[in-house]
Amino acid sequence: MTRPPTAVLISGRGSNMDALIEATRAKDFPAEIALILSNRPDAPGLARAKALGIPTAAVDHKIYAGREEFERSMQIVLETHKIEFICLAGFLRMLTPWFVGLWSGRMLNIHPALLPAYRGLHTHERALHDGVKIHGCTVHFVVPQMDEGPIVAQAALPVLDDDTPESLSARVLELEHKIYPLALRLVASGAVRIEGNRVVGATKQAQDALINPPN
Ligand code: GRF
């Protein structure tokens, strides 16, 4: 089985990166993590990946005159590593339509809310403020508009009476670590396809896994 080389793009902590690395260690996982790329040379996740022997690269956005110059450098690194899929995992740079277009249908992002609710920042604070009873996370294909794009996977949990933004964030993060690998598996294996704004083709078993992600 050829496993498409996949890059995880991070800016900081990298706990979703850890989950993706861990999941793709399984021999039958239909993708391999071939590169961890960060726009911040000091990202803690970068050091951890390096220690694990995974190829890493830093393309420091601060040294470039503009977004396209920065992205052109990233693209060269991605091509050098023959990357086929990208997982954005806490990557805190806006991407231009040019770069997004290059990776159309091959770039995923994880967002800590049930899109299309709570696009943008401070999702947990806003969910608590609104008093919603259900919250969660979403993995979606990246399109030029922020936090939009066909949804691959979502997982939900109840909001508890005594939740704080921190406690809610911690529980959602646990779910993120489960559904990001599931979503990458669906996409890299070719099990699902994009039809308009929808992702279709997941088996009943894969859909059940999203409702109740395995430990
Ligand atoms: C996650 O909450 C993710 O949903 C959001 O940024 C955070 C990244 O966390 N896009 P980590 O770096 O993966 O730990």
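The values are calculated or read from the model by the stated rules, or taken from the named source; none is laboratory data. Remember, it's a predicted structure, so these values are computed and weren't measured experimentally. Reconstructed Cβ throughout: ideal geometry from the backbone, glycine too, with neighbour counts over all protein chains shown.
Tell me the residue from LEU210, LEU184, LEU175, LEU157 that is within 20 Å of ARG3 (Cβ to Cβ) and outside the structural domain of ARG25 (by TED's automatic domain parsing), please. Spell out how you get there, then give the answer.
Values: LEU210 fails: within 20 Å of ARG3 (Cβ to Cβ); LEU175 fails: within 20 Å of ARG3 (Cβ to Cβ); LEU157 fails: within 20 Å of ARG3 (Cβ to Cβ).
Matching residue, one of LEU210, LEU184, LEU175, LEU157: LEU184.
Mind listing whichever residues of the range 124-167 are of a type in the set (S, T, N, Q) and in contact (Cβ under 8 Å) with a residue 40 or more places away in the chain? Spell out how you get there, then give the answer.
Of the residues in the range 124-167, the ones of a type in the set (S, T, N, Q) are 138, 145, 154, 164, 167.
GLN154 - this is the single residue of the range 124-167 that is of a type in the set (S, T, N, Q) and in contact (Cβ under 8 Å) with a residue 40 or more places away in the chain.
Give me a count of the residues in the range 38-72 that are under 30 Å from ALA191 (Cβ atoms), within 16 Å of the ligand (Cβ to nearest atom) and in contact with a helix residue (DSSP H, G or I) (Cβ under 6 Å, 6 or more places away or on another chain).
Qualifying residue count for the region: 3.
What are the residues in the range 90-101 that are surrounded by fewer than 16 Cβ atoms within 10 Å (Cβ to Cβ) and away from the ligand (no atom under 16 Å from the Cβ), if any? I'd like the intermediate steps shown before the answer.
Keep residues of the range 90-101 that are surrounded by fewer than 16 Cβ atoms within 10 Å (Cβ to Cβ), which gives 92, 94, 96-98, 101.
Hits for the range 90-101 are THR96, PRO97, TRP98, GLY101.
Provide a single number: the residues in the range 4-34 that are touching a Ser or Thr at 6+ places or on another chain (Cβ under 8 Å) and away from the ligand (no atom under 16 Å from the Cβ).
Summing the residues that are touching a Ser or Thr at 6+ places or on another chain (Cβ under 8 Å) and away from the ligand (no atom under 16 Å from the Cβ) in the range 4-34 gives 4.
Checking the structure you have, find out if any residue of the range 192-201 is within 13 Å of the ligand (Cβ to nearest atom), at positive phi and surrounded by fewer than 20 Cβ atoms within 10 Å (Cβ to Cβ). Write out each step before concluding.
In the first step, residues of the range 192-201 are kept if they are within 13 Å of the ligand (Cβ to nearest atom); the result is none.
No, every residue in the range 192-201 fails to be within 13 Å of the ligand (Cβ to nearest atom), at positive phi and surrounded by fewer than 20 Cβ atoms within 10 Å (Cβ to Cβ).
Is it true that PHE99 is among the aromatic types (Phe, Trp, Tyr) and part of a helix (DSSP H, G or I)?
Working: among the aromatic types (Phe, Trp, Tyr): yes; part of a helix (DSSP H, G or I): yes.
Yes.
Which condition number in (1) outside any loop (DSSP other than H, G, I, E, B); (2) free of Cβ contacts under 8 Å to residues at least 40 places away in the same chain; (3) within 16 Å of the ligand (Cβ to nearest atom); (4) not small (Gly, Ala, Ser) is the one that CYS87 fails?
(2)
Out of everything in the range 131-150 that is more than 15 Å from the chain's Cα centre (by Cα) and within 16 Å of the ligand (Cβ to nearest atom), what residue ends up being surrounded by the fewest Cβ atoms within 10 Å (Cβ to Cβ)?
As a first pass, look at the range 131-150 and keep what is more than 15 Å from the chain's Cα centre (by Cα): 131-135, 144-145.
Now drop any that are not within 16 Å of the ligand (Cβ to nearest atom), which leaves 135, 145.
Values: HIS135: 26, GLN145: 10.
Among residues in the range 131-150 that are more than 15 Å from the chain's Cα centre (by Cα) and within 16 Å of the ligand (Cβ to nearest atom), the one surrounded by the fewest Cβ atoms within 10 Å (Cβ to Cβ) is GLN145.
Considering each of LEU168, LEU128, LEU121, LEU115 in turn, give the residue that is part of a helix (DSSP H, G or I) and either crowded, with 20+ Cβ neighbours inside 10 Å or within 13 Å of the ligand (Cβ to nearest atom) (or both). If you could, list the steps in order and put the result at the bottom.
Values: LEU128 fails: either crowded, with 20+ Cβ neighbours inside 10 Å or within 13 Å of the ligand (Cβ to nearest atom) (or both); LEU121 fails: part of a helix (DSSP H, G or I); LEU115 fails: part of a helix (DSSP H, G or I).
When all the criteria are applied, what remains is LEU168.
Is at least one residue of the range 16-38 among the acidic types (Asp, Glu), touching a Gly at 6+ places or on another chain (Cβ under 9 Å), farther than 21 Å from PRO144 by Cα and touching a residue at least 24 places away in the same chain (Cβ under 8 Å)? Quick ask: steps written out before the conclusion?
Taking the range 16-38 and keeping what is among the acidic types (Asp, Glu), we get 18, 22, 28, 32.
Still in the running and touching a Gly at 6+ places or on another chain (Cβ under 9 Å): 18.
Imposing the further condition that a residue be farther than 21 Å from PRO144 by Cα reduces the set to 18.
Right, trim to touching a residue at least 24 places away in the same chain (Cβ under 8 Å) and you get 18.
Within the range 16-38, one or more residues are among the acidic types (Asp, Glu), touching a Gly at 6+ places or on another chain (Cβ under 9 Å), farther than 21 Å from PRO144 by Cα and touching a residue at least 24 places away in the same chain (Cβ under 8 Å).
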